[in-house]
Each structure stands twice: as structure tokens, then as C-alpha cells.
1. Out of the residues in segment 60-72 meeting the condition of being surrounded by fewer than 22 Cβ atoms within 10 Å (Cβ to Cβ) and touching a strand residue (DSSP E or B) at 6+ places or on another chain (Cβ under 9 Å), tell me which one is modelled with the highest pLDDT.
2. Would you please name the residue that is surrounded by the fewest Cβ atoms within 10 Å (Cβ to Cβ), looking only at residues in segment 4-21 that are touching a residue at least 40 places away in the same chain (Cβ under 8 Å) and more than 20 Å from residue 45 (Cβ to Cβ)?
3. Is segment 10-32 home to any residue that is under 17 Å from the mean Cα position of the chain (by Cα), more than 24 Å from residue 187 (Cβ to Cβ) and assigned to a loop (DSSP other than H, G, I, E, B)?
4. Specify the residue that is surrounded by the most Cβ atoms within 10 Å (Cβ to Cβ); the eligible residues are those in segment 144-157 that are more than 18 Å from residue 71 (Cβ to Cβ) and touching a strand residue (DSSP E or B) at 6+ places or on another chain (Cβ under 9 Å).
5. Enumerate the pairs (first residue in segment 111-125 and closer than 15 Å to residue 212 by Cβ; second residue anywhere and at pLDDT below 90 and not in a helix (DSSP H, G or I)) with beta-carbon separation below 6 Å, excluding pairs fewer than 6 apart on the same chain, so at least 6 apart or on different chains.
6. Residue 58 fails exactly one of the following numbered conditions: (1) in contact (Cβ under 8 Å) with a residue 24 or more places away in the chain; (2) at negative phi. What is the number of that condition?
7. Where residues in segment 22-54 are farther than 25 Å from residue 125 by Cβ and either at pLDDT below 90 or touching a helix residue (DSSP H, G or I) at 6+ places or on another chain (Cβ under 7 Å) (or both), which of them is surrounded by the most Cβ atoms within 10 Å (Cβ to Cβ)?
8. How about segment 181-215: which of its residues are out of contact with any strand residue (DSSP E or B) (no Cβ under 6 Å at 6 or more places or on another chain), surrounded by 15 or more Cβ atoms within 10 Å (Cβ to Cβ) and either modelled with pLDDT of 95 or more or under 21 Å from residue 147 (Cβ atoms) (or both)?
């Protein structure tokens, strides 16, 4: 398959960045990453004309590619730097994974839907994105064998905060997770010590549910 990324697409990305800045996204490294990534290639070709709108769209398996603002906002909350180890719960289309790769972090990602996992594993390297590890499994369990992580980002709505994810954070690490049913509250946990976490809430967002029960 030939992946087309044209000047027209680049122009639409530039317009999208203007929208994200108007909504309060300030981190230039995140804006630059989103400005480089051909989001239209992560979506069904039928949605290509809408790829650079600030909206979520279906990607199959009853999942969505997140709204660009949501991707940028969650990534800003992580406060990551190049070389950090980041666990992503919900690979999905791979777009958020690509953003993390562009930021120079070591990405470990879990996807619960086998169809999406297989697609992302093949597709991401074709665009030059090589996460450290992609896994098919239960995001509620995290990836203990690769812990601890500097950051953990959850890209689906969790009815509660999974204890394994908190346990897999480094001291000083940050977990960004939408908590609740519909809508969810974007929540940040900062690990202050072995037993103490600082909690911050950032308003309502809407995500597909975080699924479990996969070995």
C-alpha cells in the first residue's frame, strides 16, 4: 500500500495546530509531533476529509481514534521527556503511540482488541514508529515485567483506577487516566512515595470503555 502525505495534508495539520493552541495546548514539542504525524493514515480512507478536524472518529472494533485535543491534553499532563519509559493502555489506531514516539520516549503499549493490535503492529513501523513493546492483553494489569514507568497514559474510560497501574509507576511518575462511566473525569496521579499519591482532576471527557479479561 502507498501511504500518501501531501502538502494539502500538511496544511490541514497546520490549521489543526492553530485550533489546539487556541484551546490551550502550549507544549511546543507536542504540537510539533502532532504537526508531523499523518493522522489521515490512521483512519479509514472514507474519513480522510475529516482527519484534521478536532474530533474523534471510528476505527473499527467499536473503538475510536481520539480527538487531537484529547491526545495533546493527556500527553501534556504526562510531562515526559526524551528517554522516559511510558506505558500506554489502549494502542487503538496507534496515533497516540506515534505522538509518544515522536517525543522520543520508550513506548510500551497494550491493546485489548486483537484486530487493532495486529494492525498497529504492522502499520506503525511502516511510518517509522518503533515502540519498545506492543502487547495484546489486559490493560488493567499493565506490564509489570517492564515496570517501573515514568508515565502511564490510559486512552479509554476506566470505571476505577487499576491498582497495578499505580504500582507500576516510578516515584515521581505520573498516571493520566479518564475515570468514571460516561462522561469520565480526566485524572492525574503523581507518585510521591511508595505509598502516597497526589491526585488532580481536569474536567469531563468522553472515551470508549476500558475493557478487561484478556490473558
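The values are calculated or read from the model by the stated rules, or taken from the named source; none is laboratory data. From a predicted model like this one, the values you see are computed outputs, not experimental measurements. A quick note on method: Cβ atoms are made from the backbone with ideal geometry, for glycine too, and the neighbour counts reach across all protein chains shown.
1. Step by step, filter segment 60-72, then rank; the result is 70.
2. Per the stated criteria, the residue is 19.
3. Applying the first criterion (under 17 Å from the mean Cα position of the chain (by Cα)) to segment 10-32 yields 20, 25, 27, 29-32.
Within this subset, residues satisfying the condition of being more than 24 Å from residue 187 (Cβ to Cβ) are 32.
Those still in the list that are assigned to a loop (DSSP other than H, G, I, E, B) too: none.
Looking through segment 10-32, none of the residues is under 17 Å from the mean Cα position of the chain (by Cα), more than 24 Å from residue 187 (Cβ to Cβ) and assigned to a loop (DSSP other than H, G, I, E, B).
4. Looking at the filtered set, the residue picked out is 149.
5. Qualifying pairs under 6 Å: 112/211; 112/214; 113/61.
6. Failed condition: (1).
7. 25
8. 214
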